[in-house]
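*Asks:* Just dropping this structure here.
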Amino acid sequence: LKIPFTASSKDVIHPLFKQQDATSWKCKLCSKISAQPLGKAYTNLVDHFLRKLGVKATDEFSEKASKPENRELSFCDHALVRKNTKLSTISANTMLLNMDLLSDDVRYTIIAEPKGKKIGLAFDAWSANGHHFVAVMAIEALPLFDDALDKNENDSGQLCFIVGNNASVNGSIERKIKLPLIGCASHRLNLAVQSHIAQYDKEVEKVAALMRLLQTSKQKTVLRKMECSMPVIKNPTRWSSSYRMINRNLEMTDYIDGMGTDLTALLPAPREKIKLKSRFEDLGKF
């Protein structure tokens, strides 16, 4: 069983870089000195690491770091393990049998709990690091409901509502089974926040246009030479992307000011910068 592993920037940086002074770090792999301003986390160093070694090195680092926490079941059969543990001796086969028995016990408990009661059905997809762990295709959704009810020995008359995100397929299921859909709370929050911050649209769209221009290959090359963090693009369906975009714009201000006249028309005016900073602080409350 492989569990997706994610490491914090600090966990990645400290083994790979040696701090020279308050704002300078030396890469142990290529000996290059990189500037990392105080209060900016480790964005420049992480960017250098990814550009120098690429995704392959990141995956290898994650794999090595995660291995100690992902032991095979036969681990309990090793002589050294048995010698150095205070737990009772158990074989891999016995452990697997007990896991199956525990699974059955939990299942029967779940079946017994809602007997004769009104229930709701929650369904969703879970993804991590590009792996989709649960996926329900539209064509299979209704048979899946029937199968879930049968396995848990529930009658369709007990079902009062369904819970899911606001995807179109879920709306279709809601109409077909004629039960109310309780949509995603984060979606409703997104709509509320978007309405609340609509007064800043002019300034935000200006920053969004600036970020799109900085996303071009030419401007990215300039940013890399300056060891500046890469731009963040706004996602209309995620209010948090506006927060991250404005934050990145504030971080990049000193770098952008020295990048030439191509960006002049898109640079926020002093009054707009004040509004953007105010909006950034406002969004931070959410």
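Read the figures in this text as sums done on the coordinates, not as results from a lab. This is a predicted model, so every value here is computed, not measured. A quick note on method: Cβ atoms are made from the backbone with ideal geometry, for glycine too, and the neighbour counts reach across all protein chains shown.
*Asks:* Need the full-extension length gain, Thr216 to Thr253, defined as separation in residues times 0.36 nm minus the C-alpha distance. One decimal, nm.
*Replies:* Length gained between Thr216 and Thr253: 11.5 nm.
*Asks:* Alpha carbon centre of segment 217-238 versus segment 144-195: separation in Å?
*Replies:* Using only Cα atoms, the two centres lie 38 Å from each other.
*Asks:* For Ala112 paired with Leu97, estimate the spin-label separation in nm (one decimal), with each label point 7 Å from Cα along the Cα-to-Cβ line.
*Replies:* Computed distance between label sites Ala112 and Leu97 equals 2.3 nm.
*Asks:* So which of Lys18/Lys40; Lys32/Lys234; Lys234/Lys285; Lys202/Lys273; Lys18/Lys234; Lys26/Lys218 end up more than 23 Å apart by C-alpha?
*Replies:* Exceeds cut-off: Lys32/Lys234; Lys18/Lys234; Lys26/Lys218.
*Asks:* Lys115: which lysines have alpha carbons under 18 Å from its alpha carbon, excluding same-chain residues fewer than 8 sequence positions away?
*Replies:* Once the sequence-local lysines are set aside, what remains near Lys115 is Lys151.
*Asks:* Okay, next question. Between Gln194 and Thr23, what length comes free when the chain is fully extended (0.36 nm per residue of separation minus the Cα-Cα distance, one decimal in nm)?
*Replies:* My answer for the length gained is 57.9 nm.
*Asks:* Between Phe161 and Lys178, what is 0.36 nm times their sequence separation minus the Cα-Cα distance? Round to one decimal in nm.
*Replies:* Going from the current span to full extension adds 5.2 nm.
*Asks:* Go through 100-108, 142-150, 203-211 and give me the packing order, highest mean Cβ count within 10 Å leading.
*Replies:* Packing order, densest peptide first, comes out as 203-211, 142-150, 100-108.
*Asks:* Right, next: Using a 10 Å cut-off around each Cβ, can you sort Cys160, Cys27 from fewest to most neighbouring Cβ atoms?
*Replies:* Ranking Cys160, Cys27 by Cβ neighbours within 10 Å, fewest first, gives Cys160, Cys27.
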